[in-house]
Number of protein chains: 2
Amino acid sequence: MNSKLLSRRQLSLLLFEWLDTEALLGRPRYQSHTRENLEVILATCERMATELFAPHAKSSDEHEPRLEGGQVVLIPEIQQALRAFGEAGLVAAGHDEEIGGMQLPMVVEKAGFAWFLAANVATASYPLLTIGASNLLARYGSQSQIEHYLKPMLEGRFFGTMCLSEEHAGSSLGDLTTRAEPQADGSYRLFGNKMWISGGEHELAENIVHLVLAKIPGGPPGSKGISLFVVPRFLVNEQGGLAERNDVSLVGLNHKMGYRGTVNTLLAFGDGRFLPGSAAGAVGYLVGEAHQGLTCMFQMMNEARITVGLGAACLGMTGFLHALDYARNRPQGRRLGERNQESAQVPIIEHADVRRMLLAQKAYAEGALALNLYCARLVDEERTAEEAHVREESSLLLSLLTPIAKSWPSEWCLEGNSLAIQVHGGYGYTRDYPVERMYRDNRLNAIHEGTHGIQALDLLGRKVTMKGGAALMLLSQRIQRTVGKASAAPALMAWGQALADKVAALGSVTAALFADGDVKAALANATLYLQALGHIVLAWTWLELALVATREGRAEEDEAFYRGELAACRYFFGYELPKVDAWLAVLTARDSTTLEMEDAWF
Amino acid sequence: MNSKLLSRRQLSLLLFEWLDTEALLGRPRYQSHTRENLEVILATCERMATELFAPHAKSSDEHEPRLEGGQVVLIPEIQQALRAFGEAGLVAAGHDEEIGGMQLPMVVEKAGFAWFLAANVATASYPLLTIGASNLLARYGSQSQIEHYLKPMLEGRFFGTMCLSEEHAGSSLGDLTTRAEPQADGSYRLFGNKMWISGGEHELAENIVHLVLAKIPGGPPGSKGISLFVVPRFLVNEQGGLAERNDVSLVGLNHKMGYRGTVNTLLAFGDGRFLPGSAAGAVGYLVGEAHQGLTCMFQMMNEARITVGLGAACLGMTGFLHALDYARNRPQGRRLGERNQESAQVPIIEHADVRRMLLAQKAYAEGALALNLYCARLVDEERTAEEAHVREESSLLLSLLTPIAKSWPSEWCLEGNSLAIQVHGGYGYTRDYPVERMYRDNRLNAIHEGTHGIQALDLLGRKVTMKGGAALMLLSQRIQRTVGKASAAPALMAWGQALADKVAALGSVTAALFADGDVKAALANATLYLQALGHIVLAWTWLELALVATREGRAEEDEAFYRGELAACRYFFGYELPKVDAWLAVLTARDSTTLEMEDAWF
């Protein structure tokens, strides 16, 4: 039976036919792995996701977290699933063997995690956050922080959170007001409230390790004065045992449209509810250097952004596979031109418009998954490539692609989920089918870890312009290389040319935008730039996949699968790429409608 | 205080400055009305919607209909609101005075109803269906049906439904299997199940009048053998009193993503649960001629399609006004280039991308509302214009515009609701703010009363080609007339030219599509045609509004309002109209990707 979570065959194409994951195994860091053992790990992820995560996705959506006697109550299946995840060592999948990790390539770790995201994005959010926090501590944590917090996280005993936003400071982190008072023993005491904290309070783990942004009094103003702290729910003693409850308390739960299984909280640090009698404040420990909190947190944030994009892609994939299954099995109507009204109805997959909706979903979701795994592969290069220039280029490219890898799937795989509902007709709008939940879940992804608007400013205002435009130039070269290969393949030549034209148009627009130094005007339509470059990057991704699908010597039994990849690529070039012109038109015109609009005119 | 439901000022522009509603008052049918009394009615609608419909929108979403002892239980506010609606005579707003109606122009009736749709689309669905059913009975019902069913509906005592779909026959109505057995007394007995019946069972009214499609045995196959019946929940005796319960029973409730306050049911006709001992079957009465059921029902359906579009537009409007209010009051971040990190945060409406999202919402929602009221105005012309050719042209144009008036708002005002969430950031994703509910509600509108795909086939396969393309030609002429006026106004000239170019391109594409007689190929991308023509029609609508907004002699105190209209028009031409090319590109290429795609390749 085929999974309705992800396409195993397509994942295998991405990892082993396109991204050449096997090549990584020759490198020192990954030498204990073989292709066989990677496949065992992936199969384990699929099995656990199918058996432990997917079955309670509906139930945890229906029974959202609630408070009972001051405790957060979740349905028990969440804890069972997460225990199994932790016990399988999956939190530690990417970590060094010397601290108990598997030292897996990032691209494999993410591919394995994709199964959990597709099965149940809300339950998968707990390990998602814990893995992010663990990577941050592995890089910036002190030896004691590694022993006392990181290792129990890797064992699945402690969970992690990221505490950035405050009620008045979301996108504008520099305005946060949580303060951290230095203590004589080198620790800090924190005071303040944090909003939107996923996994902020629950009984799922022995302890919760909050990574908190706060300001040390007397530091620089704005975002330059932000530091990062470990603030555990329970203090940890010298021996690593749990001591008293730290002064972190739950103020309230947020009630969301989707992602309902992920408890989302407003937390108070140092409001005196816990730790009474002691000096007030929540005990925290500085991570890394003082006032370098944003730099540290951005490592976690960049990783989280790619995982958010991956989650959006996985929701797109599972929505697509559910719609495909429905379309194959739902009889309705007849072929155009069939005049016998008493002939049997045909499955709706026979209708051109249903096939259009399925192809769109396939193109969006598989393309988004490919892009996000490509980004993970860049992390592996950044970390383990032998030559310095490869590491540098990978880093540069990753940094340009991150806002796209986050935003594009959040926008287009949401659209894919909408199409999945549409394929189901009225049934898709009911809670009897899972596609409406996927649509509700996926709507969050354009918001958390930086909205589209924030990603767009990051892309155009920072990534495109950094180092004299080096990242965009590098991307152009990479695309040009793909176009070159396509020009040698008669079936792909026209797509290559179409892509090259869009890249050229984007290049001219980019140069013109910054020609007169008016940054405000240049950035006014940054979101459309993000959309245009996003579609270009996805067209590039699809052309890469088409090159794989037309490679000589491919197995005959896979012919139908490769035809499907080519059809999705054809769909993308025929139906999607032309949209780029509409976005570029606004940028070319340097349209100032939004700048000139006045509040009073609305 | 400004309403957050609709913009009173914009509604007034549409009715009295653009659609010249006052001109209707000179016609015999509407002569008992004055502008003043129309404004009183509109103000009453606004007040009732604000005071009785809006306050329970959140609660009825949270407490969806449930079964208790076999009865459907709704929150009591729904009945209170609907009683007031009925007592105010609003079900009868458009009906003849001689049967108790107000004989209001359709455009005013719809504008008044818009307040209810914006306030609470789920509660408004009950009168929406009742009004549709009442119009159908007024046109096709027998004298006895008018006395026994229509009049109590107009008094607000009976509610109506439309029973079309069955579990295996949704879009494909010809496949329905409910049968109606003729009886000696001229009545019928119905047997079968009906799916997706909104308002199908409840205790809100004295009686429910189901309008049911069924087949009389021995009739023609497929959709040509469908007849229409009145099937009341309670039988009505000669004196108009309620008699025994008819054999219509509730099989189950559907649980939806949104529109939760509208009870949606699966009904059984003639399963023997009620009327035991009598000959089995639900008692029904033929409406109109036998086998003409679809023609009758299409009157109701066409009206319902425009009201669905209107509802989508109203959800877009209220979402926009909530987002606008939030954007004006939420401080976050600083203006680009502000280097003082300790300066106060600015309201997010100061950010260009937030203004873009607000302008998009305004352009989508106000434009959609305008289009739907324009369609209602065409109904008034169709019904009351003095000259026959005006009536015929109005009818022709209405028939072409109906699929667009239904689909375009369902697609783009949903996008508007998504942007309303985005403007609210994380808060918009919570149930503490109403925008997530609007988004969930609006997602239905692309499905019920014919999906996008069905509307697209109706548009391209029927409306565009009927009468040798006369409807499209007429629309082109109307647009050309607007372009002509715009060419005389320096501020609008360029928009007029841009619109004329798109109309010309669409014309060429249309001719080429049907040039070789391959209907299957011509219709393969009908949905993209619907989108392209939709954007063209909306650009035309905006150009019309811009002409009004730049008219000589407008009041100075309205300057800001008119500037806003022009800005929305500018947004539409700058940011939206270019998308037409992307859709036309697929049609021009006669892209056959979806036709050639095979099931096995997915």
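The values are calculated or read from the model by the stated rules, or taken from the named source; none is laboratory data. This one's a predicted model, so the numbers in the text were calculated from it and none came from an experiment. As a convention, Cβ positions derive from the backbone with ideal geometry for all residues, glycine included, and neighbour counts pool all protein chains shown. Side chains included, ligands, DNA and RNA excluded: accessible areas come from the protein's heavy atoms. Shrake-Rupley method; radii C 1.70, N 1.55, O 1.52, S 1.80 Å.
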Fill in the blank from the handout: At q = 0.16 1/Å the base-10 log of I(q)/I(0) from the Debye formula over the alpha-carbon atoms of region A:103-182 is -0.80
Practice task
Along Cα→Cβ, 7 Å out, is where each label goes; now give me the distance between the ones at B:Ala23 and B:Ala43 in nm to one decimal.
Solution key: 2.7 nm
Practice task
For region A:357-430, state the semi-axes of the equivalent ellipsoid (square roots of 5 times the eigenvalues of the alpha-carbon gyration tensor), sorted largest first and rounded to whole angstrom.
Solution key: 35, 10, 8
Fill in the blank from the handout: One computes Rg over Rh for region B:1-145 from alpha-carbon atoms, with the Kirkwood Rh, and obtains 1.01
Exercise for the section: Please report the base-10 log of the normalised intensity I(q)/I(0) for region A:429-508, using a Debye sum with one equal scatterer per alpha carbon and no solvent, at each q in 0.15, 0.22, 0.27 (1/Å). Expected result: -0.78, -0.94, -1.15
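Where does region A:1-82 land on the Kirkwood hydrodynamic radius, alpha-carbon pairs, in angstrom?
For region A:1-82, inverting the mean 1/r across all distinct Cα pairs yields 15.6 Å.
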Practice task
For chain B, find the longest principal axis of its Cα atoms and tell me its angle to the long axis of helix B:493-513, 0 to 90°, nearest 10.
Solution key: 50 degrees
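According to the Cα gyration tensor, what semi-axes, each the square root of 5 times an eigenvalue, does the equivalent ellipsoid of region A:512-559 have, listed from largest to smallest in whole Å? All intermediate terms of the calculation are to be shown ahead of the outcome.
Details: eigenvalues 333, 19, 3 Å².
Largest first, region A:512-559 gives 41, 10, 4 Å.
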Fill in the blank from the handout: Low-density loop GluC sites (Glu not before Pro), region A:533-602, at most 16 other Cβ within 10 Å, DSSP non-H/G/I/E/B, are A:Glu552, A:Glu598
Practice task
With all distinct Cα pairs included, what does the Kirkwood hydrodynamic radius of region B:494-602 come out to in Å, to one decimal, could you say?
Solution key: 15.9 Å
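Based on the mean of other Cβ atoms within 10 Å per residue, sort peptides A:351-363, B:186-198, A:214-226, A:478-490 so the most packed one is first. Present the calculation step by step, with values, prior to reporting the outcome.
Values: A:351-363: 25.4, B:186-198: 21.2, A:214-226: 17.0, A:478-490: 15.4.
Top of the packing list down: A:351-363, B:186-198, A:214-226, A:478-490.
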Completion exercise
With -39,500 (n - 2.57) per DSSP H segment of 4 or more residues and division by the full residue count of chain A, the 222 nm estimate, nearest 500 deg cm²/dmol, is -16000 deg cm²/dmol
Exercise for the section: Using only Cα positions of chain B, each an equal point scatterer, no hydration layer, compute I(q)/I(0) via Debye at q = 0.09, 0.12 Å⁻¹ and quote the log10 values to two decimals. Expected result: -0.73, -1.29
Handout entry: Accessible area buried, both sides summed, chains B and A with 1.4 Å probe, Å²
Key = 8100 Å²
Exercise for the section: Sort out for me the Cα centre separation of region A:413-429 from region A:212-281, rounded to whole Å. Expected result: 40 Å
Problem - For region B:151-166 and region A:507-529, distance of Cα centres in Å - result: 57 Å
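What number do you get for region A:25-72 when its Cα radius of gyration is normalised by 2.2 N^0.38 Å, N = residues?
For region A:25-72, the normalised Cα radius of gyration is 1.94.
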Exercise for the section: Could you work out the mean count of beta carbons from other protein chains within 10 Å of each residue's beta carbon in A:419-427? Expected result: 5
Practice task
Mind checking A:563-572 for the average number of partner chain beta-carbons within 10 Å of each residue's beta-carbon?
Solution key: 4
Completion exercise
Answer in debye to the nearest 20: the dipole magnitude of the protein assembly as shown about its Cα centre, from +1 Lys/Arg and -1 Asp/Glu charges placed on Cβ, is 780 debye
Completion exercise
To the nearest 10 degrees, the tilt of helix B:106-119 (Cα long axis) against the first principal axis of the alpha carbons of chain B is 80 degrees
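If the viscosity is 1.567 mPa s and the temperature 4 °C, what Stokes-Einstein diffusion coefficient in µm²/s follows for region B:320-409 when Rh is the Kirkwood radius over Cα pairs? Please report the intermediate quantities before stating the final value.
Working: Rh = 16.2 Å.
Here the translational diffusion coefficient equals 80 µm²/s.
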Exercise for the section: Evaluate the charge dipole of chain B about its Cα centre and quote only its size in Debye, nearest 20, assuming +1 on the Cβ of each Lys and Arg and -1 on the Cβ of each Asp and Glu. Expected result: 800 debye
Practice task
Largest first and in whole Å, give the semi-axes of region B:167-290's equivalent ellipsoid, each being the square root of 5 times a Cα gyration tensor eigenvalue.
Solution key: 22, 20, 12
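Using only the Cα atoms of region A:170-210, build the gyration tensor, take square roots of its eigenvalues as a ≥ b ≥ c, and label the shape rounded, prolate or oblate: rounded if a/c is under 1.5, else prolate if a/b is larger than b/c, else oblate. Working shown, then result.
Working: a/c = 3.28, a/b = 1.13, b/c = 2.91.
The shape class here is oblate.
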Fill in the blank from the handout: Projecting the Cα atoms of B:Leu15, B:Gln80, B:Asn120 onto the charge dipole of region B:1-151, where Lys and Arg contribute +1 and Asp and Glu -1 at Cβ, the residue farthest towards the positive end is B:Leu15
Problem - Charge dipole of region A:319-420 about the Cα centre (unit charges at C-beta), most positive-ward option of A:Cys375, A:Leu397, A:Gln332 - result: A:Gln332
Handout entry: Cα lying deepest toward the dipole's positive end in region A:460-569, options A:Trp540, A:Ala471, A:Val519, charges on Cβ
Key = A:Val519
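Could you please report the charge total around B:Arg273, scoring K, R as +1 and D, E as -1 over all other residues with beta-carbon less than 14 angstrom from its beta-carbon?
That works out to -2.
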Exercise for the section: Summarise the partner chain shielding of A:336-348 as one whole number: the mean count of Cβ atoms from other chains within 10 Å of each residue's Cβ. Expected result: 3
Problem - Test item: Cα-centred dipole of region A:442-495, Lys/Arg +1 and Asp/Glu -1 on Cβ, debye - result: 160 debye
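Between the DSSP loop rule and a limit of at most 14 other Cβ atoms within 10 Å, which chymotrypsin sites (Phe, Trp or Tyr not before Pro) in region B:457-535 are left?
Details: sites: B:Trp495, B:Phe514, B:Tyr529; in loops: B:Phe514.
In loop regions of region B:457-535 (DSSP not H, G, I, E or B), there are no sparsely surrounded chymotrypsin sites (Phe, Trp or Tyr not before Pro).
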Exercise for the section: Let me know the Kirkwood hydrodynamic radius for region B:245-346, please, with Cα pairs as the basis and the value in Å to one decimal. Expected result: 19.7 Å
Problem - Per residue convex hull volume, Cα atoms of region A:141-182, in Å³ - result: 116 Å³
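Using Cα-Cα distances under 8 Å and only pairs 6 or more residues apart, what relative contact order does region A:30-126 have, in percent? Present the calculation step by step, with values, prior to reporting the outcome.
Details: 87 pairs, mean separation 34.6, N = 97.
Value for region A:30-126: 36 percent.
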Exercise for the section: Compute from the Cα atoms of region B:78-212 the Rg and the Dmax, the latter being the longest Cα-Cα distance, and quote both in angstrom. Expected result: 15.7, 48
Handout entry: Tail fraction, Cα-Cα pairs, region A:387-545, threshold 27 Å, whole percent
Key = 36 percent
Practice task
Taking the convex hull of the Cα atoms, report for the protein assembly as shown its projected area averaged over all directions, in nm².
Solution key: 47.0 nm²
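Note the per residue figure in Å³ for the convex hull of the C-alpha positions in region B:561-602. Present the calculation step by step, with values, prior to reporting the outcome.
Values: hull volume 3.9 nm³, N = 42.
Spread over its residues, the Cα hull of region B:561-602 gives 93 Å³ apiece.
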Practice task
Report the label-to-label distance for B:His389 and A:Glu387 in nanometres (one decimal), using points 7 Å from each Cα along the Cα→Cβ vector.
Solution key: 7.7 nm
Fill in the blank from the handout: Rounded to the nearest 10, the angle in degrees between the Cα long axis of helix B:526-549 and the longest principal axis of the Cα atoms of chain B comes to 60 degrees
